[in-house]
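The values are calculated or read from the model by the stated rules, or taken from the named source; none is laboratory data. Predicted model, so just to flag it, every value in this text is computed and none were measured. So basically every Cβ, Gly included, is an ideal-geometry build from the backbone, and we count neighbours across all protein chains shown.
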Amino acid sequence: MPDIVIQLLPHILAALLYGGLGFHFWNTRWRETEHQCIACPMLGWERATIAAALVIHAAGLYVALFSEAGMRFSFSFALSLMMWLAVLIYWLESFSTRMEGMQPMVLPLAALCTALPIVFPNVHVVAHAGATGFKLHFLAAMAAYSLLTLAALHAIFMGFIENTLHRRLLKRALTSLPPLLTMESVLFRMLLLGFVLLTLTVGSGVFFSEEIFGKPLTVDHKTIFAFASWGIFATLLVGRHVWGWRGKRALRWTLAGFSLLILAYVGSRFVAEVILGRI
């Protein structure tokens with residue numbers, strides 16, 4: 001029992017840091033008060049605290065996922081790793097792009113996903129995890145999940161802003177945000193990069209299935225969801241380039257593609273591990 005507590009301690013600390021930071025950013029940037037810090041960039045100690053949470057989170061993931069028996073994984077650790085990468089990408093992006101408003105959305109979700117391995121600690125050993133092809137496939141998949149998660153959150157945030165503007169309920173915090181067109185360009189940049197990584201993931205799984213997984217490609221619900229998600233993101237990017245899709249249409253397509261992508265692995269593993277009890 002003490003060993004389990006020690007192993008889960010980094011996840012607990014990282015979740016508390018993410019949650020505390022999320023509340024801090026909401027309280028200082030978004031809560032309507034006299035001392036509200038409108039258009040304030042992230043302070044040095046805020047960036048350092050996010051970096052500390054990332055380091056602690058990474059240490060916990062490394063200890064939990066890698067052992068002498070091989071790589072271990074589960075739906076809870078998949079979501080935790082996905083959000084670690086999402087926060088890392090967000091943190092790096094914030095040095096060059098204005099990301100005001102995203103902190104109270106990204107960080108609480110990161111806290112929730114970081115805490116999942118505490119509630120669902122069971123893992124299974126991943127076959128063929130030592131193969132180079134599998135490692136590249138896995139890294140591309142996790143990076144794609146993370147970027148498309150940020151894109152989905154960004155799209156939700158844009159939808160909230162657009163709805164607020166239409167209802168003429170403009171808050172002081174919203175006046176400091178970049179123009180919607182600028183935010184939209186950031187969204188499609190994330191979608192394009194995420195789509196490229198998703199294409200690499202799906203393509204490697206299709207053409208090199210035996211080398212990566214040790215068996216031919218099987219058409220199951222995971223494969224169908226992954227292909228459907230890829231098709232939705234491809235249609236959205238083509239629609240943007242050819243017909244200038246934007247606004248609510250882009251939001252709906254982004255969330256539809258992301259929902260199917262989550263179902264492709266995380267949803268199926270949740271059903272297998274939690275509902276059916278298969279490890």
Taking the conditions exactly as written (assigned by TED's automatic domain parsing to the domain that holds Pro117 and at pLDDT 95 or above), does Tyr18 satisfy them or not?
yes
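Are any residues in region 21-48 hydrophobic (A, V, I, L, M, F, W, C) and either modelled with pLDDT of 75 or more or not assigned by TED's automatic domain parsing to the domain that holds Gly60 (or both), and if so, which ones?
Passing the criteria: Leu21, Phe23, Phe25, Trp26, Trp30, Met42, Leu43, Trp45, Ala48.
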Could you tell me which numbered condition Gly60 fails, if it satisfies all but one of (1) at pLDDT 80 or above; (2) surrounded by fewer than 19 Cβ atoms within 10 Å (Cβ to Cβ)?
(2)
